[in-house]
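To start, the structure itself, in structure tokens.
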Amino acid sequence: MVFTDAMRAIARKELSDKLKSRWVLVIAAGFALFTLVISYFGGATSGVAGFRSMDATIASLTSLVTYFIPILALTLGGGIIADERDKGTLEIYLAAPVSVAELIAGKFIGLAIALILSTLAGLGVSGIVLLTETGMSAVSSYLIFMLNSTILGIIFLSVSFVVSILITERARVIAFMVFLWLFFTILYDLGLIGVLIITKGAIGEEIFSGLLMLNPVDVYRILNFLSIGELKVFLGLAAVELPAYMKMPVLWTISLLWVVLPLIMSYHFFKRRYLA
Amino acid sequence: MSSMLELCDISKNFGDIKAVEAVSLKVNEGEMLGLVGPNGSGKSTLLKIMLGISKPSSGRIVLNNWELTEKDWRQFRKQIGYMPERVSFYDNLTGRETLELFARVKGGSPANAIELLKKVGLENTVDRKVGGFSKGMRQRLNLGQALTNDPDFLVLDEPTSGLDPVGTKEFYKILSDVRERKNLTVVLSSHILAEIEDKIDRVAVMKAGSISAVGSLEELYSGLNLPMRLHILIKDRDTEVEELLRREGATDINYKDSRLTASISRADKVRILSAIMERKESLDDISLREPNLEEVFFGIH
């Protein structure tokens, strides 16, 4: 599908909304502030405050991002269709010579650009400070961390579109978004640990690693720890090894699927719900 | 007049609920067709079927003698301007930005946004945010967005819903000006019958998902043979006039505050008026009122 005029107009409107409302600026500033604070005080539990090595900093920032970005992306896209319906503008789009794919893609691209801008600006500013303090040797690790964080945001933005189409009542959208956030950031891993305990570790590594891939937050964590060579920090609790084929390109492909599949679902759910 | 759009035996079910049932309706090129009926009669669903937003459970939609397929709808929509019942638009966009957005989405020219704002009487709000617009201004902007792709076919769903009488009058004046410049085919739904009866060429009356009657107002009037209402202002109460009316076949005769009213059939009109005029020295004024569309509507119901 080519980037049509209609898609461009819809995307531009979504991006312009976020820029005008200073959403991008506020989120970028928040990112920069939080990452710098976490980076500086990340080792405070051991009695030392100050910037540590970039690898240790990325490990700390990964924890921050796994909580911060998913909720941000979910709330960004969660009300996107409900808003249009409430405003009455959805019917205008439906009666226009624009396809469902163009409508969804236009909205997604606009919001994704807003999210990418704020994430890259926020992490970029703090990255410059961190690299100045810790040296340029870890610049590639930090750039990969920024890329992974951006992808995580886009994944949850994609998931939020499905919710936005399936649930149209704003209060229920918010409640379901909070549940999804809790599920992916906390409950899913708790459940996995519970399964390991109940089965006394009998669950195979293949199955365990496969289950990890079903949670984009875990995929993100593994990607970051792989890039800094600290995978044991993440997997130590589970005492399992990842299969050898599970390298970064494979994980990025899985991340891409996490973006594409919810969008395809959104397309089908939208057609069934609004064009039946 | 050739038919532009034809709905053939269209039905639409939502589960067990029959929202539209076996509707056949022609929309002629260049006409203004009123779709009237009470809330829940299926008007909005029928409009959505006309726009391709809602797929009929059964029946065919024919455009210029060509049955529309899934692919044809996109092409047809380039000619359609749709004004949904209530649109609040985006508070943070200006009037111009709003029309530019919908022009781009609908394949129109964003450069015409200011001209369109002038056309709908919003020339002073070009750079004003929609968040500060009144209801009437939003409805005019709604009409503006419906015109952004220079449509041939305009579908208006309860366009004056929520507007005060002044706003309603202004709205129809703008619509009339637009139609003077371009031969638009318009389908207009409303449950405020009196509001549209002098603006439409034909009317389709909907009741419980079906079309109860369709035709010009004259056709509906003569077909139903509804009585006309005679109003006589008399100097002093003259029971002979009342007796004369009764004798000539008038019904529902009432007298109050020097005003005598009666219902007379269309066929008796000339004869009764001639008889009354023989007693013109006792009359101050006389008028004969056609039944309005509302009476036709309720007559059908």
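The values are calculated or read from the model by the stated rules, or taken from the named source; none is laboratory data. The shown structure was predicted, so the numbers you read here are calculated from the model rather than taken from an experiment. Note that we place each Cβ from the backbone using ideal geometry, even for glycine, and neighbour counts take in every protein chain shown. The area values use the complete protein model at the heavy-atom level, side chains included, leaving out ligands, DNA and RNA. Shrake-Rupley method; radii C 1.70, N 1.55, O 1.52, S 1.80 Å.
Numerical summary
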| read-out | value |
| --- | --- |
| Count of residues meeting criterion [open to solvent by 10 Å² or more (accessible area, probe 1.4 Å), outside any strand (DSSP E or B) and not aliphatic (A, V, I, L, M)] in the range B:1-41 | 8 |
| Filter result (in a helix (DSSP H, G or I) and within 14 Å of another protein chain (Cβ to nearest Cβ)) within the range A:61-80 | A:Ile80 |
| Qualifying positions in the range B:216-245 - exposed (fewer than 13 other Cβ atoms within 10 Å of the Cβ) and within 21 Å of B:Asp285 (Cβ to Cβ) | B:Lys235, B:Asp236, B:Arg237, B:Thr239, B:Glu240, B:Glu243 |
| Residues located in the range B:21-60, provided they are closer than 15 Å to B:Ser11 by Cβ, more than 14 Å from every other protein chain (Cβ to nearest Cβ) and in contact with a helix residue (DSSP H, G or I) (Cβ under 9 Å, 6 or more places away or on another chain) | B:Val23, B:Leu25, B:Gly59 |
| Members of the range B:52-79 that are of a type in the set (Asp, Glu) and under 26 Å from B:Asn183 (Cα atoms) | B:Glu67, B:Asp72 |
| Candidate set: the range A:81-92, residues that are assigned to a helix (DSSP H, G or I) and facing chain B (nearest Cβ under 7 Å); chosen: the one surrounded by the fewest Cβ atoms within 10 Å (Cβ to Cβ) | A:Lys87 |
| Every residue from the range A:243-273 that is surrounded by 13 or more Cβ atoms within 10 Å (Cβ to Cβ) and hydroxyl-bearing (Ser, Thr, Tyr) | A:Ser255, A:Ser266, A:Tyr267 |
| Condition broken by A:Ser118, with the remaining ones in (1) open to solvent by 50 Å² or more (accessible area, probe 1.4 Å); (2) in a helix (DSSP H, G or I); (3) away from every other protein chain (no Cβ under 14 Å) satisfied | (1) |
| Scope the range A:1-16; condition within 11 Å of chain B (Cβ to nearest Cβ), part of a helix (DSSP H, G or I) and open to solvent by 30 Å² or more (accessible area, probe 1.4 Å); matching residues | A:Asp5, A:Arg8, A:Arg12, A:Ser16 |
| Considering residues of the range A:93-102 that are assigned to a helix (DSSP H, G or I) and open to solvent by 10 Å² or more (accessible area, probe 1.4 Å) only, the residue nearest to the other protein chains (Cβ to nearest Cβ) | A:Leu94 |
| Some residue of the range B:137-148 being over 28 Å from B:Val27 (Cβ atoms) and either within 11 Å of chain A (Cβ to nearest Cβ) or in contact with a helix residue (DSSP H, G or I) (Cβ under 9 Å, 6 or more places away or on another chain) (or both) | yes |
| Residues that are assigned to a loop (DSSP other than H, G, I, E, B) and of a type in the set (Ser, Thr, Tyr), drawn from the range B:84-108 | B:Ser88, B:Tyr90 |
| In the range B:176-215, the residues that are in a helix (DSSP H, G or I) and either over 12 Å from the mean Cα position of the chain (by Cα) or surrounded by fewer than 19 Cβ atoms within 10 Å (Cβ to Cβ) (or both) | B:Ser176, B:Asp177, B:Val178, B:Arg179, B:Glu180, B:Arg181, B:Ala194 |
| Residue that is least open to solvent (accessible area, probe 1.4 Å), among those in the range B:42-74 that are acidic (Asp, Glu) and not in a strand (DSSP E or B) | B:Asp72 |
| Flag for B:Gly81 being assigned to a strand (DSSP E or B) and either modelled with pLDDT under 90 or at the interface with chain A (Cβ under 9 Å from one of its Cβ atoms) (or both) | yes |
| Residue selected from the range A:36-80 under the condition among the aromatic types (Phe, Trp, Tyr) and touching a residue at least 40 places away in the same chain (Cβ under 8 Å), by the criterion surrounded by the most Cβ atoms within 10 Å (Cβ to Cβ) | A:Phe51 |
